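Peer 1: Pasting a structure below so you can have a look.
The values are calculated or read from the model by the stated rules, or taken from the named source; none is laboratory data. This one's a predicted model, so the numbers in the text were calculated from it and none came from an experiment. Cβ sites come from the backbone with ideal geometry, for glycine too, and all protein chains shown count toward neighbours. For accessibility, only protein heavy atoms count, side chains too; no ligands or nucleic acids. Shrake-Rupley method; radii C 1.70, N 1.55, O 1.52, S 1.80 Å.
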Amino acid sequence: MATITGAKVIITSPGRNFVTLKITTSDGVTGLGDATLNGRELAVAAYLRDHLVPLLIGRDPDRIEDMWQYLYKGAYWRRGPVTMTAIAAVDTALWDIKGKVAGMPVYDLLGGRARDGAMVYGHASGGSVAELLDDVARFRDLGYRAIRAQAAVPGSPGSYGVRHGAIYEPAATALPEEQLWSTEDYLDFAPSCLGQVREKFGFDFHLLHDVHHRLTPTEAGRLGRAFEELRLFWMEDPTPAELQESFRQIRRATTTPIAVGEVFNSIWDCQQLITERLIDYIRASVVHAGGITHLRRIFHLAELYQVRTGSHGATDLSPVSLSAAVHLDVTVPNFGVQEYMAHSPLTHEVFRTGYELRDGALYPSSAPGLGVELDEEAAARFPYEPKYLPVGRRTDGSVHDW
Ligand code: CS2
Ligand code: MG
């Protein structure tokens, strides 16, 4: 029986910060797990290095479920983004190792493919509606069949999701930038903005929009109703989801599909949302929701209630977790869509990936394991830089959801 002989936490910043766990076994097999938590990276690195790595040495890498239960229940203090991201990194690395030892891609370990590729959505954005329309046209020309559209709300510098330069990166400052937000301006602007997208391009592609947790349930119901004639694929994070029952009010108000979950880290964060069908898509991710083992549980629960998957895939989730996401995406029966914000060329100097983007879908590597490698020499060239996500403030100065 092989044992775990080493586990290394690799922090690197090729364009943005990433934390990666690399596990090595007595057979010399290595596996990778993403442990990146945007704006709180060092907390997860410390949790891994100081509290989990000592527990891994000497354990059986084959026993993935047992390891998950050991790390989750053994912590006593359960759940939370830091703990579950650290457990996710261990879990993902063990699936990578198991695939390499078996000589099988992870999707085959998960029961084989239900589909060849995973439809993705790209991020079109603009500082104005005109810029947004140009960006939507660009993604359509690239063959995307699903496109998220975000534009700056006139007079509201704190608009969410507007790219500045080639890559969208919200964690851009050494201390949190405070961004002003006006819900009234947004509610007046968003329906007409997305209406212009439909007016120009029609309905032959899936249109998505991210509200980014910023409305009350009443406001979200009003916005969803205004979106109905635009036939959105989904309205994302319409309201903060700590109070899962608040989505009943949104559901009563509108038929616009709802997607939630990128900030969730366990099945209990979304159990009510799923079992009461308060959402249409669950956005939980491999890296933040306890790894492949736990995310698969969430997806299987969602399947029972005809809730489809729509995993988070922003550039602050590393190519390791995106690789794992695509392996899971192609196997689950209730797949919906995979978010795909292409990582920068600098990031790919460190992370060598095997997934392929073709005709608006990602196709997983057929190499054993996850099909992703980390170049440690290249990683050493990009030291960590403190970066924070912005903080939102209302026009009266009080803190709001960013
Ligand atoms: C966004 C993210 O991709 C999304 O849907 O909500 O860009 C999110 O803002 C970042 O991942 C936060 O780090
Ligand atoms: Mg989002």
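Peer 1: Straight-line reach from K387: which aspartates and glutamates fall under 17 Å, measuring Cα to Cα and dropping same-chain residues less than 8 apart?
Peer 2: List returned: E41, E169, E177, E178, D316.
Peer 1: Tell me the Rg and the Dmax, in Å, that the Cα atoms of the stretch 291-352 produce.
Peer 2: So, for the stretch 291-352, Rg and Dmax equal 12.7, 41 Å respectively.
Peer 1: Using Stokes-Einstein with the Kirkwood hydrodynamic radius over Cα pairs, what translational diffusion coefficient do you get for the stretch 331-402 at 37 °C and a viscosity of 0.692 mPa s, in µm²/s rounded to a whole number?
Peer 2: Details: Rh = 16.2 Å.
After rounding, the answer is 203 µm²/s.
Peer 1: Zone of T395 (label point 7 Å along Cα→Cβ, backbone N under 20 Å): which residues in the stretch 124-142?
Peer 2: So the set is 128-129.
Peer 1: How much length is gained on full extension from S192 to T216, taking 0.36 nm per residue of separation minus their Cα-Cα distance? List each step's numbers first, then the result.
Peer 2: Values: separation 24, 0.36 × 24 = 8.64 nm, distance 2.01 nm.
Difference between extended and current length: 6.6 nm.
Peer 1: Right, here's the next one. Given H placed on each backbone N at 1.01 Å, which residues far from A361 in sequence or on other chains put an amide H within less than 5 Å of it?
Peer 2: Hits under the 5 Å cutoff: V120.
Peer 1: So what is the relative contact order for the chain, in percent, with contacts set as C-alpha pairs under 8 Å and at least six apart?
Peer 2: Values: 905 pairs, mean separation 92.8, N = 402.
Relative contact order of the chain: 23 percent.
Peer 1: Same structure, new question: Please return the longest stretch of the chain lacking exposed loop sites, where GluC sites (Glu not before Pro) count only if DSSP places them in a loop and at most 14 other Cβ atoms lie within 10 Å.
Peer 2: Values: sites that count: E242, E276.
With a cap of 14 other Cβ atoms within 10 Å, the longest stretch comes to 1-241.
Peer 1: Non-local amide H neighbours of H206 (under 5 Å, H modeled in plane, Pro and chain starts lacking H): which ones?
Peer 2: Here the answer is A146, I147, since their amide H atoms fall under 5 Å of that of H206.
Peer 1: Do you know the relative contact order of the stretch 313-402, to the nearest whole percent, from alpha carbon pairs under 8 angstrom that are 6+ apart?
Peer 2: On the way: 87 pairs, mean separation 21.7, N = 90.
Computed value for the stretch 313-402: 24 percent relative contact order.
Peer 1: Search the structure for amide H atoms under 5 Å from the amide H of T395, placed 1.01 Å from N in the peptide plane, and list their residues when 5 or more places away or on another chain.
Peer 2: So T395 has HN proximity to W181.
Peer 1: Now for a different question. Once phi is turned into θ = phi - 60°, what whole-Hz ³J(HN,Hα) does the Karplus curve with 6.51, -1.76 and 1.60 give for every residue of the stretch 362-376, x standing for Gly and Pro?
Peer 2: The phi angles translate into 9, 10, x, 5, 9, 5, x, x, 8, x, 9, 10, 10, 8, 5 Hz.
Peer 1: I would also like to ask the following. With θ taken as phi - 60° and the coefficients 6.51, -1.76 and 1.60, list the Karplus ³J(HN,Hα) couplings across the stretch 212-222 in order, rounded to whole Hz; mark glycine and proline as x.
Peer 2: 6, 6, 9, 10, 7, x, 5, 4, 5, x, 5
Peer 1: Moving to a separate point now. Can you run phi through the Karplus equation (6.51, -1.76, 1.60; θ = phi - 60°) for the stretch 100-114 and list ³J(HN,Hα) in whole Hz, with x for Gly and Pro?
Peer 2: For the stretch 100-114, the Karplus curve yields 5, 5, 7, x, 10, x, 4, 4, 6, 5, 8, x, x, 7, 8 Hz.
Peer 1: Give the Debye-formula value of log10 I(q)/I(0) at each listed q (0.10, 0.11, 0.13 Å⁻¹), with one equal scatterer per alpha carbon of the chain, two decimals each.
Peer 2: Values, matching the q order: -0.63, -0.77, -1.09.
Peer 1: Same structure again: Nearest 0.05, what FRET efficiency do A378 and L180 give at R0 = 51 Å with Cβ-Cβ as r?
Peer 2: Working: r = 39 Å, r/R0 = 0.76.
Efficiency computed from Cβ-Cβ geometry: 0.85.
Peer 1: Using Cα springs under 10 Å in a Gaussian network model of the chain, which residue among R138, R308, R113 shows the largest mean-square fluctuation?
Peer 2: Residue with maximal mean-square fluctuation among R138, R308, R113: R138.
Peer 1: Next question. Given the Cα-Cα distance of D60 and R40 and 0.36 nm per residue of separation, how much length would full extension add, in nm? Don't skip to the end; give the middle numbers.
Peer 2: Details: separation 20, 0.36 × 20 = 7.20 nm, distance 2.98 nm.
Full extension of this stretch gives 4.2 nm more.
Peer 1: Which residues in the stretch 76-90 have a backbone N closer than 19 Å to a point placed 7 Å from the Cα of T275 along the Cα-to-Cβ line?
Peer 2: Backbone N within reach: 79.
Peer 1: While we're on this one: Taking the Cα centroid of the stretch 268-344 and of the stretch 21-48, what is the distance between the two, rounded to the nearest whole Å?
Peer 2: Value for the Cα centre distance between the two parts: 20 Å.
Peer 1: Tell me, what % of the accessible area of the stretch 4-105 is carbon and sulfur with a 1.4 angstrom probe?
Peer 2: On the way: 2090 of 3870 Å².
The computed percentage sits at 54.
Peer 1: Accessible area per residue of the chain at 1.4 Å probe, in Å²? All intermediate terms of the calculation are to be shown ahead of the outcome.
Peer 2: On the way: 15710 Å² over 402 residues.
About 39 Å² of surface per residue is accessible.
Peer 1: Taking the stretch 4-105, how much of its Cα-Cα pair set, in percent, is spaced more than 24 angstrom apart? Could you put the intermediate results ahead of the total?
Peer 2: Numbers: 894 of 5151 pairs.
Everything past 24 Å amounts to 17 percent.
Peer 1: Using the structure shown, list the pairs from K73/K100; K8/K98; K22/K73; K73/K98 with a Cα-Cα distance above 26 Å, or answer none. Intermediate results must be reported in sequence, preceding the final value.
Peer 2: Working: K73/K100 28 Å; K8/K98 18 Å; K22/K73 23 Å; K73/K98 23 Å.
Checking Cα-Cα distances, K73/K100 exceed 26 Å.
Peer 1: Two decimals is fine: what is log10 I(q)/I(0) at q = 0.20, 0.23 Å⁻¹ for the stretch 283-402, from a Debye sum with one equal scatterer on every Cα and no solvent?
Peer 2: -1.12, -1.31
Peer 1: A further question follows. Volume per residue, Å³, of the convex hull around the alpha-carbon atoms of the stretch 169-248? The partial results should precede the final answer.
Peer 2: Details: hull volume 9.8 nm³, N = 80.
Taking only Cα atoms, the stretch 169-248 has a hull volume of 123 Å³ per residue.
Peer 1: In a GNM of the chain with a 10 Å cut-off on Cα contacts, which of G112, G310, G360 has the highest mean-square fluctuation?
Peer 2: Highest fluctuation of the listed residues: G112.
Peer 1: If I model a spin label at E131 and Y76 as a point 7 Å from the Cα along the Cα→Cβ vector, what separation in nanometres do I get?
Peer 2: 5.2 nm
Peer 1: Rounded to the nearest 500 deg cm²/dmol, what is the calculated helix-only ellipticity per residue at 222 nm for the chain, with -39500 (n - 2.57) per DSSP H run of length n ≥ 4?
Peer 2: Details: 14 runs with 136 residues, N = 402.
Value at 222 nm, helices only: -10000 deg cm²/dmol.
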